[in-house]
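**Student:** I am attaching a structure below and will ask some questions about it afterwards.
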Amino acid sequence: MTKPPLTLYLAAPRGFCAGVDRAIKIVEMALEKWGAPVYVRHEIVHNKYVVDGLRDKGAVFVEELEDCPDDRPVIFSAHGVPKAVPAEAAKREMIYVDATCPLVSKVHIEAARHHENGLQMIMIGHEGHPETVGTMGQLPEGEVLLVETVEDVATVQVRDPERLAFVTQTTLSVDDTIDIVAALHARFPKIVGPHKEDICYATTNRQEAVKAMAPKCDAMLVVGAPNSSNSKRLVEVGSKAGCAYSQLVQRAPDIDWRALEGIASVGITAGASAPEELITEVIDAFRDRYNVTVEMVETAVENVEFKVPRVLRVPA
């Protein structure tokens, strides 16, 4: 039987960012240096395939520091942790390695600087997301107020409207955040913002590639985990940019082939914590069913690299 033709548009950049790459490397190097088990507080990055792979090598994933023994190394996830976590690890004299993405650490430093200058913080982010929890946990209780939507800006209760600053989660929708920032400036004209947008280069670049690709596609698949903020934002960006069917899939078996019947073109991208193997797996699944032509949609070239902490670069 002749396979129907299909054009696959492949977004570039897609998949792993420098912060995710560094975090995975940190776990692998820690296992090499100290042997198994190495404990990791929270999923190192939000991707089941990556986490399962590291677990097979000897990483033990836990939700809280209290679940770790004192005598084994512990790694903090790429999303960042509240200040109390490394303080507790130090108190217990644990070996710990902080895999917080340097771009998230930059937001932490920014928040601390504003706090020192007597400003109350407003954080634009998603409640309960580990990055938001980590950033809010850099300052004392009540010093960081969370807003998720434009509507939240209208009701947020601040100490002094003249003494405010804001930061954002690094994995938000660029367009939605612009609207929330505009609402903050409208309600609090003296609010201080970051010199440059907190949303990271990788999130921005992946969203731009999706915007360029979406109008060409009958459907779009984002390879990523359901708990990955930046992956879920790519699905939303795809829908808003004109792609009628925009869906998140973790692996090739998750593809809903019935929903794709009769289509001529599909866009494929991946969240910043999804490895290239999973994208290849999805493309191969399409090749099994269609006569595939792959076209690249490239909107940026990334060459960012972050060093791993020094403790892993020196011999044991």
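The values are calculated or read from the model by the stated rules, or taken from the named source; none is laboratory data. Just so you know, these numbers come straight off a predicted model, no measurement behind them. Note that each Cβ is placed from the backbone with ideal geometry, even for glycine, and that neighbours are counted across all protein chains shown.
**Student:** Take the range 249-286 and flag every residue that is of a type in the set (S, T, N, Q) and surrounded by 13 or more Cβ atoms within 10 Å (Cβ to Cβ).
**Tutor:** Initially, the range 249-286 is screened for residues of a type in the set (S, T, N, Q), giving 250, 265, 269, 273, 280.
Selection gives GLN250, SER265, THR269, SER273.
**Student:** Any residue at all in the range 212-226 that is under 23 Å from THR168 (Cβ atoms) and in a helix (DSSP H, G or I)?
**Tutor:** Within the range 212-226, not a single residue is under 23 Å from THR168 (Cβ atoms) and in a helix (DSSP H, G or I).
**Student:** Which of the numbered conditions does GLU281 fail, given that it passes all the others? Conditions: (1) of a type in the set (D, E, K, R); (2) assigned to a loop (DSSP other than H, G, I, E, B); (3) within 22 Å of CYS17 (Cβ to Cβ).
**Tutor:** (2)
**Student:** Just to be sure, is ALA300 among the small types (Gly, Ala, Ser) and over 24 Å from the mean Cα position of the chain (by Cα)?
**Tutor:** No.
**Student:** If GLU281 meets every condition in (1) within 22 Å of VAL107 (Cβ to Cβ); (2) more than 17 Å from the chain's Cα centre (by Cα) apart from one, which number is that one?
**Tutor:** Just one mismatch for GLU281, condition (1).
**Student:** What are the residue pairs meeting all of these: first residue in the range 53-67, first residue aromatic (Phe, Trp, Tyr), second residue part of a loop (DSSP other than H, G, I, E, B), Cβ atoms under 7 Å, and 6 or more apart or on different chains?
**Tutor:** PHE61/GLU43
**Student:** Hey, another quick one. Just wondering, is there one or more residues in the range 168-187 that are among the aliphatic types (A, V, I, L, M), within 18 Å of HIS129 (Cβ to Cβ) and assigned by TED's automatic domain parsing to the domain that holds LEU278?
**Tutor:** No: the range 168-187 contains no residue that is among the aliphatic types (A, V, I, L, M), within 18 Å of HIS129 (Cβ to Cβ) and assigned by TED's automatic domain parsing to the domain that holds LEU278.
**Student:** Another question about this same structure. Given the criterion of a type in the set (Ser, Thr, Tyr) and not assigned by TED's automatic domain parsing to the domain that holds LEU234, identify the matching residue among TYR96, TYR9.
**Tutor:** The match here is TYR96.
**Student:** Does the range 66-85 hold any residues that are outside any loop (DSSP other than H, G, I, E, B), out of contact with any Pro (no Cβ under 9 Å at 6 or more places or on another chain) and not charged (D, E, K, R), and which are they?
**Tutor:** Hits for the range 66-85 are VAL74, ILE75, ALA84, VAL85.
**Student:** I'm checking my understanding of the structure. Among residues of the range 196-231 that are within 22 Å of ILE109 (Cα to Cα) and among the β-branched types (Val, Ile, Thr), which one is surrounded by the fewest Cβ atoms within 10 Å (Cβ to Cβ)?
**Tutor:** Only one residue fits best here, namely THR204.
**Student:** Test THR2 against the criterion of being β-branched (Val, Ile, Thr), part of a loop (DSSP other than H, G, I, E, B), surrounded by fewer than 19 Cβ atoms within 10 Å (Cβ to Cβ) and over 23 Å from the mean Cα position of the chain (by Cα), and give yes or no.
**Tutor:** Considered against the rule, which asks whether it is β-branched (Val, Ile, Thr), part of a loop (DSSP other than H, G, I, E, B), surrounded by fewer than 19 Cβ atoms within 10 Å (Cβ to Cβ) and over 23 Å from the mean Cα position of the chain (by Cα), THR2 comes out as yes.
**Student:** Determine which single condition VAL304 fails, assuming it passes every other condition in (1) aliphatic (A, V, I, L, M); (2) touching a Gly at 6+ places or on another chain (Cβ under 6 Å); (3) at pLDDT below 95.
**Tutor:** Single failed check for VAL304: (2).
**Student:** Which count do you get for residues in the range 161-194 that are assigned to a loop (DSSP other than H, G, I, E, B), touching a Leu at 6+ places or on another chain (Cβ under 9 Å) and of a type outside the set (S, T, N, Q)?
**Tutor:** Matching residues across the range 161-194 total 5.
**Student:** Turning to a different aspect of this structure: What is the one condition in (1) of a type outside the set (D, E, K, R); (2) touching a residue at least 24 places away in the same chain (Cβ under 8 Å); (3) not assigned by TED's automatic domain parsing to the domain that holds ILE26 that GLN157 does not satisfy?
**Tutor:** (2)
**Student:** Follow-up question, since we're still on this one. Please enumerate the residues belonging to the range 135-151 that are free of Cβ contacts under 8 Å to residues at least 12 places away in the same chain and not in a loop (DSSP other than H, G, I, E, B).
**Tutor:** GLU151
**Student:** Look at VAL45 and say whether it is more than 16 Å from the chain's Cα centre (by Cα), under 24 Å from PRO82 (Cα atoms), touching a residue at least 24 places away in the same chain (Cβ under 8 Å) and surrounded by 18 or more Cβ atoms within 10 Å (Cβ to Cβ).
**Tutor:** Considered against the rule, which asks whether it is more than 16 Å from the chain's Cα centre (by Cα), under 24 Å from PRO82 (Cα atoms), touching a residue at least 24 places away in the same chain (Cβ under 8 Å) and surrounded by 18 or more Cβ atoms within 10 Å (Cβ to Cβ), VAL45 comes out as no.
**Student:** Something else about it: Only one residue in THR299, THR280, THR293 is free of Cβ contacts under 8 Å to residues at least 24 places away in the same chain and β-branched (Val, Ile, Thr), so which one is that?
**Tutor:** THR280
**Student:** Anything in the range 86-97 that is part of a helix (DSSP H, G or I) and surrounded by 20 or more Cβ atoms within 10 Å (Cβ to Cβ)? List them, or say none.
**Tutor:** ALA89
**Student:** Now for a separate question. Can you tell me which condition PHE306 does not meet? The list is (1) on the phi < 0 side of the Ramachandran plot; (2) in the same structural domain as ALA225 (by TED's automatic domain parsing), and all the others hold.
**Tutor:** All conditions are met except number (2).
**Student:** Could you list, in sequence order, all residues of the range 302-316 that are aliphatic (A, V, I, L, M) and touching a residue at least 12 places away in the same chain (Cβ under 8 Å)?
**Tutor:** Residues satisfying the conditions are VAL304, VAL308, VAL311, LEU312, ALA316.
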